[in-house]
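Asks: Dropping a structure here in structure tokens format, bear with me for questions.
The values are calculated or read from the model by the stated rules, or taken from the named source; none is laboratory data. All of these numbers come straight from a predicted model, not from anything done at the bench. All Cβ positions, even for glycine, are placed from backbone atoms using ideal geometry, and neighbour counts span all protein chains on display. Note: accessible area is taken over every heavy atom of the protein model, side chains too, but ligands, DNA and RNA are not part of it. Shrake-Rupley method; radii C 1.70, N 1.55, O 1.52, S 1.80 Å.
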Amino acid sequence: HLTETRGFDVIPRMLEAFAEDRTTAEVFQDVLDLDLADYDRQFREFVGRIVGDYKMVPRWDRETVAALEKRVKEDETDGEAWVRLGWARLQRGVAIDAGGALAKALTLIPDHPDVVLLQGRLAELNGRLDLAAEAYERFLGLGEDDLHARLFLAGRIMQRGDDTAAAIPHLEAAKACFPYQTGKQSPYVILAKLYRGSGEMEKAIAELEAY
């Protein structure tokens, strides 16, 4: 991203600055004249152009987390920063602190898709699966999509066993969210098993070939 938008010359300058034990925020500000929040936005836009419609929650690194904590400290009404901080804390296994950040976000931007999705994920982790399903359905109803949400909803349908075909739209959508998902949680693999169970071997083979 940096070489494409700023040219290769910035890389040696940044490396020299890092060698002086300067923080990431300082390096970005001095070399690129950007704060981390602005770079985060630009990078997400850049990645969005590359991966198109892939739908997964990004992982936030330590520098970005520090920048988010600074944002909410400076402005407690920054709902976007609160929900991102909630996701970052959850990714680090601190569900209680994630819940605290979510509570802040809920008072500010309750209908933001990332807030609704985080509600679903925390409910799922706490074993409140019905609430998780409701949140994920609401998230999808907002016109958004997410790999994990789709796999969760498909799994719920398949566990019930009464209408497994209803899981197919979720699994097809999951493939579009991130086609490169591998392992047992690959929607291709799950679809292959579903089709094999219903005796549709040609479809099962086609899914495995695509996988």
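Asks: Sort out which residues of the range 126-150 are modelled with pLDDT of 95 or more, under 24 Å from VAL189 (Cα atoms) and of a type in the set (A, V, I, L, M, F, W, C), and write them in order of number.
Replies: LEU129, ALA132, ALA133, LEU140, ALA149
Asks: Further question on the same structure: Residues of the range 130-146 being part of a helix (DSSP H, G or I) and either open to solvent by 50 Å² or more (accessible area, probe 1.4 Å) or touching a Pro at 6+ places or on another chain (Cβ under 7 Å) (or both), which ones?
Replies: Listed by number, the residues that qualify are ASP130, LEU131, GLU134, GLU137, ARG138, PHE139, GLY141.
Asks: Also, I was wondering about something else. Among the listed residues LEU32, LEU15, identify the single one that is aliphatic (A, V, I, L, M), crowded, with 17+ Cβ neighbours inside 10 Å and either out of contact with any Leu (no Cβ under 8 Å at 6 or more places or on another chain) or closer than 17 Å to THR64 by Cα (or both).
Replies: That would be LEU32, the only listed residue that is aliphatic (A, V, I, L, M), crowded, with 17+ Cβ neighbours inside 10 Å and either out of contact with any Leu (no Cβ under 8 Å at 6 or more places or on another chain) or closer than 17 Å to THR64 by Cα (or both).
Asks: Ok, one more. Tell me the residue from ALA165, ALA149, ALA154, ALA174 that is in a helix (DSSP H, G or I) and surrounded by fewer than 22 Cβ atoms within 10 Å (Cβ to Cβ), please.
Replies: Just one listed residue meets the conditions, ALA165.
Asks: Does ARG121 satisfy the condition of being at pLDDT 90 or above, touching a Phe, Trp or Tyr at 6+ places or on another chain (Cβ under 9 Å) and within 22 Å of GLY93 (Cβ to Cβ)?
Replies: When the stated conditions are applied, ARG121 passes them.
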